[in-house]
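The values are calculated or read from the model by the stated rules, or taken from the named source; none is laboratory data. Because the structure is predicted, anything quoted here is derived from the model rather than measured. Here the Cβ is made from the backbone with ideal geometry for all residues, glycine too, and neighbour counts use every protein chain on show.
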Amino acid sequence: MRVRIHVRIRPVRPWRAAVDLSTARCRAPTANRGLSLIEVLIVMAIAAILLGIGVPNMQTFILNNRLASATHEFYTALQFARSEAVRRGEQITLVHSGAAGSGNWGAGWTMCVDSNRDNACAGEETLRTGAPLEPPLTLYGNANFANFVAFDASGRLTTAGGGAFVICHGANLVEDGQSRSRAVLVNGAGRVRFGVDSNNDGIPEKDSGAVASCTNP
């Protein structure tokens, strides 16, 4: 009996590395191209133009911000004095720290409960104080507020008629066509409000017309 044995021998395939020749390519480094002199000059010219536009606008923004802050702070103090007078049923007086009769409220001020109604704060209960304004900011009151402003128990001014305060940045109401001033008004009934510039000339107005100057509203 014959037995046939079949043996299949597979040929051994040589190993082939899968190499992507495209990734093996070496690229020569490219040199960075700098700006030419003309391009540098163009960039500098554009930067100069932008600075020329932006710097004045930023200065105006800062100036207006300082004016608005000083005006709002004094307006708030007057409103508080009036409300405290009504709440306490007593006279509340504000006295400035400038020379007597000068109306210089920018030198600082003191608010007190004026129990003896002598329009002074010496020996009285102090409610608030205002620090001197930082130059070139100024704050002046007109003749009615040359020394003090006081509210009675009903919230009215203790002096006849109303008056005005003007806050300026510098010595002029308007400079270079831009407003450099704000106003706070108080009428006889004690109502406190901001002065408006209805004709857009940069000068705030009071009940009797435009504010006269930064030291004599």
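Observations, loosely collected:
- Residues satisfying the stated conditions in the stretch 108-132, i.e. among the hydrophobic types (A, V, I, L, M, F, W, C), exposed (fewer than 14 other Cβ atoms within 10 Å of the Cβ) and within 33 Å of the chain's Cα centre (by Cα): ALA131
- Here GLY130 clears all of (1) in contact (Cβ under 8 Å) with a residue 12 or more places away in the chain; (2) over 18 Å from SER102 (Cα atoms) except the condition numbered (2).
- When residues of the stretch 198-217 are limited to those that are touching a Pro at 6+ places or on another chain (Cβ under 9 Å) and closer than 20 Å to LEU78 by Cβ, the one surrounded by the fewest Cβ atoms within 10 Å (Cβ to Cβ): LYS206
- Whichever residue in the stretch 72-95 is over 9 Å from VAL113 (Cα atoms) and among the β-branched types (Val, Ile, Thr) and, among such residues, is surrounded by the most Cβ atoms within 10 Å (Cβ to Cβ): VAL95
- Checked across the stretch 145-168, the condition of being surrounded by fewer than 17 Cβ atoms within 10 Å (Cβ to Cβ), within 19 Å of the chain's Cα centre (by Cα) and touching a residue at least 24 places away in the same chain (Cβ under 8 Å) holds for no residue.
A quick yes/no check of all residues on (1) within 20 Å of PHE194 (Cβ to Cβ); (2) of a type in the set (S, T, N, Q):
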| site | (1), (2) |
| --- | --- |
| ASN116 | no, yes |
| ASN119 | no, yes |
| GLY123 | no, no |
| THR129 | no, yes |
| LEU137 | yes, no |
| ALA150 | no, no |
| GLY161 | yes, no |
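- Hey, GLY98 at pLDDT 95 or above, on the phi > 0 side of the Ramachandran plot and buried (at least 18 other Cβ atoms within 10 Å of the Cβ) or not: no
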